[in-house]
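Below is one structure, written out as structure tokens; the observations come after it.
Computed from the coordinates by the stated procedures, all read-outs in this text should not be read as laboratory data. The model shown is predicted, which means the values in this text are computed figures rather than measured ones. All Cβ positions, even for glycine, are placed from backbone atoms using ideal geometry, and neighbour counts span all protein chains on display.
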Amino acid sequence: MATRSFITNSFKSVKTPKGKDKKEPTNDGHPSTSKADVEDELKILRHFDVTLEFGPCSGITRMERWERADKHGLNPPVIVKEILDKHLDDEEYTECLWKDYQL
């Protein structure tokens, strides 16, 4: 009768030193690391979206809306611009609340 061979018998056993295989957590490009910070930032941006004094937000990005409001002297919140500057490439931050709805 033939002996059973396992695939594990074909490869050398390699053990990694303790602590070497642990990877540092990444922050995925977001300066804010905690979920609470992210949620607070998104809440500020949603409030900016529904504030009518800065004009309509459909069809433009939040940064375009902020710049337009600033250009017309409407004094948009500086915190909104700071948040948007930190997350320039993240659509969740740059697009308005109603981005998925047709005009």
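Laid out as a table, the results:
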| item | result |
| --- | --- |
| Relative contact order [Cα under 8 Å, 6+ residues apart], the range 32-103, whole percent | 36 percent |
| Gain in span if fully extended, LYS81 to LEU97, counting 0.36 nm per residue against the direct Cα distance | 4.2 nm |
| Length added when fully stretched, ASP90-ARG4, from 0.36 nm per residue minus Cα-Cα | 25.6 nm |
| Karplus-derived 3J(HN,Hα), 6.51/-1.76/1.60, for each residue of the range 45-51, Hz, glycine and proline x | 5, 5, 5, 4, 4, 8, 7 |
| Cross-link pairs LYS35/LYS99; LYS18/LYS43; LYS43/LYS71; LYS15/LYS86 - those with Cα-Cα distance over 32 Å | LYS18/LYS43; LYS15/LYS86 |
| VAL14-ARG46 FRET efficiency (beta carbon distance; Förster radius 41 Å; 0.05 resolution) | 0.25 |
